[in-house]
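Okay, so here's the structure we're looking at.
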Amino acid sequence: MAKAKTHYVCSECGGIANKWAGQCAACGAWNTLVENVVETSSNRFSTQHQGLAHTTPVLSLAEIEASDTPRFTTGMEEFDRVLGGGLVAGGVVLIGGDPGIGKSTLLLQALGQMSRIKKVLYISGEESGAQIALRAKRLSITASELKLQAEIQLEKILHTLAEQQPQVVVIDSIQTMYSDALSSAPGSVAQVRECAAQLTRVAKQTGITMIMVGHVTKEGALAGPRVLEHIVDTVLYFEGDTHSNFRLVRACKNRFGAVNELGVFAMTEKGLKGVSNPSALFLSQHDNQVPGSCIMVTQEGSRPLLVEIQALVDTSHLPNARRLSVGLEQNRLAMLLAVLHRHAGVAAFDQDVFINAVGGVKITEPAADLAVLLAIHSSMRNKALPKGLVVFGEVGLAGEIRPAPRGQERLREAAKLGFSIAMIPKSNAPKQAIEGMTILAVERIDEAFQRLRETE
């Protein structure tokens, strides 16, 4: 089989060159030439005519039967939660994360569970079959129906898929695969794009569920072309500190379910285990209440989580006071300190302010604003907040406290875990009283501080 003719296209201006160069001759940009397969005019002509002969019929929306996509379980409840209820036949999932975080371990465990009901295949381009078997032994995975293949050439992998006809396939990882149609090295932009496109096409045509492992850059984003995330159905990120036993799997794209779902796992000697009560991970166990600590309820997809926000305020000995935030947005911290001064009369311009979300969780929603301000105020006064207090609410620049979505679910989760006082936005106040919980509904930040002093 003759190799396909290739040329190089500039990713900035689209200029074409017959050979690779460090600088694009058309626009002058550096390191932007990417190898692409040249499509011959005869192939293009025949493709056009085939498309005219087999055109997909045009239907109105009313004529198309709408039905829920059938799913099947991975055997791991937390993994199913992130996927939106399970895997879909013909779906393509891309999972990325730092080296050693547990991606291969999670997928090997999932395949071991699914091999009881599905025909599965694990294709590894990074490890030999003996290495995978050794890890499976360490994880006590004894699934005899789990098939393995150590291969990186795309054409051989496609032949294996046609021959074995598996129902679920794991590609570990997409950056190690290469196609003979391209002369560039495995992991290059052209190779990653071509291999992912071919595997996705096969998944859609045959109904194979494809799970691809992707490497990440130093910034934490998935390596390779951005089109890699566009062509797949689901994108998952594996997060967590390698020095901690806990791992978070977060969905940032899902065509078959809700985004921003969160799965929580604990790394044990027998692999990854789902955590049934993740709120316990993000709450410090204090014998007594301590200043600068405030419990908030955040919403991760459909799951409410209780997270402890810690603040430390200390006198600054530098011309510019430091503002450090871990797990929360640093620019928002500066804005909240300005609101605290303007609308509550509490100045922190000469104080170093440090904020931390316990457990390594990252909070992106603005409903953490009220908890951050209460924690800062508690640390400045060196006085602990009332025991059993839970907080959520967004703070605006005018000092108002805005409602948070799914407020009733947050309150029910807090009440279930034994919290007795809730300071929430007035718009989130429940119509019916919650047994065992006192509701403090506030509209402004100065009112929140006043109600807090009344409960002390």
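Restricting attention to region 407-453, which residues are assigned to a helix (DSSP H, G or I) and of a type in the set (Asp, Glu)?
Here is the first cut: in region 407-453, the ones assigned to a helix (DSSP H, G or I) are 407-416, 426-428, 445-453.
Correct list: 409, 413, 446, 447.
Being touching an Asp or Glu at 6+ places or on another chain (Cβ under 7 Å) and at positive phi is the requirement here; does residue 301 meet it? Spell out how you get there, then give the answer.
Details: touching an Asp or Glu at 6+ places or on another chain (Cβ under 7 Å): yes; at positive phi: yes.
It is true that residue 301 is touching an Asp or Glu at 6+ places or on another chain (Cβ under 7 Å) and at positive phi.
Being within 23 Å of residue 102 (Cβ to Cβ), hydrophobic (A, V, I, L, M, F, W, C) and either at pLDDT 90 or above or part of a helix (DSSP H, G or I) (or both) is the requirement here; does residue 141 meet it?
Numbers: within 23 Å of residue 102 (Cβ to Cβ): yes; hydrophobic (A, V, I, L, M, F, W, C): yes; either at pLDDT 90 or above or part of a helix (DSSP H, G or I) (or both): no.
So residue 141 fails the test.
Check 318, 336, 328 and return the single one that is touching an Asp or Glu at 6+ places or on another chain (Cβ under 9 Å), open to solvent by 10 Å² or more (accessible area, probe 1.4 Å), among the hydrophobic types (A, V, I, L, M, F, W, C) and outside any strand (DSSP E or B).
Numbers: 336 fails: open to solvent by 10 Å² or more (accessible area, probe 1.4 Å); 328 fails: touching an Asp or Glu at 6+ places or on another chain (Cβ under 9 Å).
Checking each option against the conditions leaves just 318.
Please name all residue pairs, on different chains or six or more residues apart, with Cβ atoms under 6 Å, provided the first residue is in region 276-293 and is within 30 Å of residue 80 (Cβ to Cβ) and the second residue is open to solvent by 70 Å² or more (accessible area, probe 1.4 Å).
Hits for this filter: 281/246.
Determine, yes or no, whether residue 133 is closer than 22 Å to residue 232 by Cα and touching a strand residue (DSSP E or B) at 6+ places or on another chain (Cβ under 9 Å).
Values: closer than 22 Å to residue 232 by Cα: no; touching a strand residue (DSSP E or B) at 6+ places or on another chain (Cβ under 9 Å): yes.
Taking the combined requirement at face value, the residue does not satisfy it.
For the structure I just gave you, tell me whether residue 407 is out of contact with any Ser or Thr (no Cβ under 7 Å at 6 or more places or on another chain), at pLDDT 90 or above and under 20 Å from residue 303 (Cα atoms).
Details: out of contact with any Ser or Thr (no Cβ under 7 Å at 6 or more places or on another chain): yes; at pLDDT 90 or above: yes; under 20 Å from residue 303 (Cα atoms): yes.
Yes: the conditions hold for residue 407.
Would you be able to tell me the number of residues in region 179-224 that are closer than 23 Å to residue 100 by Cα and open to solvent by 10 Å² or more (accessible area, probe 1.4 Å)?
13
Return the pair list, or none, for Cβ contacts closer than 7 Å from residues in region 232-253 that are within 27 Å of residue 208 (Cβ to Cβ) and free of Cβ contacts under 8 Å to residues at least 24 places away in the same chain to residues that are assigned to a strand (DSSP E or B) and among the aliphatic types (A, V, I, L, M), at least 6 apart or on different chains.
252/235
Name the one entry in 228, 281 that is buried (at least 17 other Cβ atoms within 10 Å of the Cβ), more than 15 Å from the chain's Cα centre (by Cα), closer than 25 Å to residue 171 by Cβ and of a type outside the set (S, T, N, Q).
Values: 281 fails: closer than 25 Å to residue 171 by Cβ.
Answer to the check: 228.
Can you report the number of residues in region 260-292 which are assigned to a loop (DSSP other than H, G, I, E, B), at pLDDT 85 or above and not acidic (Asp, Glu)?
Going residue by residue through region 260-292, those that are assigned to a loop (DSSP other than H, G, I, E, B) are 260-261, 269-270, 275-277, 283-292.
From what is left, the residues that are at pLDDT 85 or above are 269-270, 275, 290-292.
Of the ones still in play, those that are also not acidic (Asp, Glu) are 270, 275, 290-292.
Summing the residues that are assigned to a loop (DSSP other than H, G, I, E, B), at pLDDT 85 or above and not acidic (Asp, Glu) in region 260-292 gives 5.
If you take the residues in region 161-178 that are part of a loop (DSSP other than H, G, I, E, B) and in contact with a strand residue (DSSP E or B) (Cβ under 8 Å, 6 or more places away or on another chain), which one is nearest to residue 213 (Cα to Cα)? So that I can check it myself, show each step before the final result.
Kept after step one, since they are part of a loop (DSSP other than H, G, I, E, B), are these residues of region 161-178: 165-167, 173, 177.
Those still in the list that are in contact with a strand residue (DSSP E or B) (Cβ under 8 Å, 6 or more places away or on another chain) too: 166-167, 173, 177.
Working: 166: 18, 167: 17, 173: 5, 177: 11 Å.
That would be 173.
The values are calculated or read from the model by the stated rules, or taken from the named source; none is laboratory data. Computed from a predicted model, the values in this text were never measured in an experiment. Cβ coordinates were reconstructed from backbone atoms using ideal geometry, including for glycine residues, and neighbour counts include every protein chain displayed. These accessible areas exclude ligands, DNA and RNA; they are computed on the full protein's heavy atoms, side chains included. Shrake-Rupley method; radii C 1.70, N 1.55, O 1.52, S 1.80 Å.
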